[in-house]
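Structure first, commentary second.
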Amino acid sequence: MPARAARLLALPFVLLAFALRIFEALWLEPHTWGIEPSAAGVLAALGMVLGTLAVPLLTYRRLTRAARDIPSAWRVDTVGRRFFVEPAPVWKGSFAIALAWMAPGAVPMERVPHEEQRRIAEFGAYTTAGEILAVLLLLVAVVMLLVNRPSLALDADGVTVQWYLRRTGVRWADTPALRVPGRGLAITSRFLAFSIDTYRDDPQARNRIGTIGEADRLESAFRSGG
């Protein structure tokens, strides 16, 4: 499964996680209030809460199992003469689902007096702020999946990291101080470090960046132990 497809596949599960959490809080949890002993009711409620996350998250990870392996390879842009790598799709999709699941927790809820029901609490501005925050967290989860960030690229001049809100570029001599995304990239950390070290220490090789032959040579050197 292509990385972009695996990432976008998380979108319906993001919405499902959000909806299930609201459904659980307003309609399912009240069914646990009358369970005796009370400890069993608490465990039942906790199980329902965790289930609303487990269902969309585990289903998504099951469907994207083939895209879960992180490669030791660069994507090659022969026109721009660079190597680049996109976000790790399954990690990003999983995080977006978890974020959407947490979002409804920002909305204050309360038990309806004298009834076995729950409702959104009427706390005025506090409730409004919670609802706005929940929607914003959901939008952040969706936008995370739509944008191709974080990403990283190598070219003859140095390394460029595109974060969500900013871009960081350094020349090869300054790469030891460069901070790069950890698990957020679709490349193994060992191969990333090997690639950066290779071009920092070998200026002559930098002009070959962005060619198929150089990508193959770099991967072969990494597999053989450098």
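Yes or no: the stretch 197-205 includes at least one residue that is open to solvent by 50 Å² or more (accessible area, probe 1.4 Å), basic (Lys, Arg), in contact with a Ser or Thr (Cβ under 9 Å, 6 or more places away or on another chain) and part of a loop (DSSP other than H, G, I, E, B). For the stretch 197-205, residues open to solvent by 50 Å² or more (accessible area, probe 1.4 Å), basic (Lys, Arg), in contact with a Ser or Thr (Cβ under 9 Å, 6 or more places away or on another chain) and part of a loop (DSSP other than H, G, I, E, B): absent. Annotation note: Cβ proximity below 6 Å between a residue of the stretch 160-174 that is in contact (Cβ under 8 Å) with a residue 12 or more places away in the chain and a residue that is open to solvent by 40 Å² or more (accessible area, probe 1.4 Å) and not hydroxyl-bearing (Ser, Thr, Tyr) (sequence gap 6+ or interchain) occurs for 161/180; 162/149; 164/149; 172/200.
The residues of the stretch 179-196 that are out of contact with any strand residue (DSSP E or B) (no Cβ under 8 Å at 6 or more places or on another chain) and either open to solvent by less than 30 Å² (accessible area, probe 1.4 Å) or closer than 15 Å to residue 221 by Cβ (or both), listed by number, are 188, 190, 191, 193, 194. Here residue 130 passes the criteria (1) touching a residue at least 40 places away in the same chain (Cβ under 8 Å); (2) open to solvent by less than 50 Å² (accessible area, probe 1.4 Å); (3) closer than 27 Å to residue 14 by Cα except the one numbered (1).
Scanning the stretch 20-53 for residues that are surrounded by 14 or more Cβ atoms within 10 Å (Cβ to Cβ), part of a helix (DSSP H, G or I) and aliphatic (A, V, I, L, M) gives 20, 22, 25, 26, 28, 44, 45, 48, 49, 53. Just for the stretch 139-154: of the residues that are β-branched (Val, Ile, Thr) and touching a residue at least 24 places away in the same chain (Cβ under 8 Å), which one is farthest from residue 76 (Cα to Cα)? So, considering only residues that are β-branched (Val, Ile, Thr) and touching a residue at least 24 places away in the same chain (Cβ under 8 Å), the one farthest from residue 76 (Cα to Cα) is 140. Looking at 95, 84, 13, just one residue is open to solvent by 60 Å² or more (accessible area, probe 1.4 Å), aromatic (Phe, Trp, Tyr) and in contact (Cβ under 8 Å) with a residue 24 or more places away in the chain, and that residue is 95.
On the stretch given as the stretch 54-76, residues that are more than 16 Å from residue 191 (Cα to Cα), in contact (Cβ under 8 Å) with a residue 60 or more places away in the chain and either assigned to a helix (DSSP H, G or I) or open to solvent by 40 Å² or more (accessible area, probe 1.4 Å) (or both) total 2.
The values are calculated or read from the model by the stated rules, or taken from the named source; none is laboratory data. Please read all numbers here as calculations on a predicted model, not as lab measurements. Note that each Cβ is placed from the backbone with ideal geometry, even for glycine, and that neighbours are counted across all protein chains shown. Note: areas computed on protein heavy atoms with side chains; ligands, DNA, RNA excluded. Shrake-Rupley method; radii C 1.70, N 1.55, O 1.52, S 1.80 Å.
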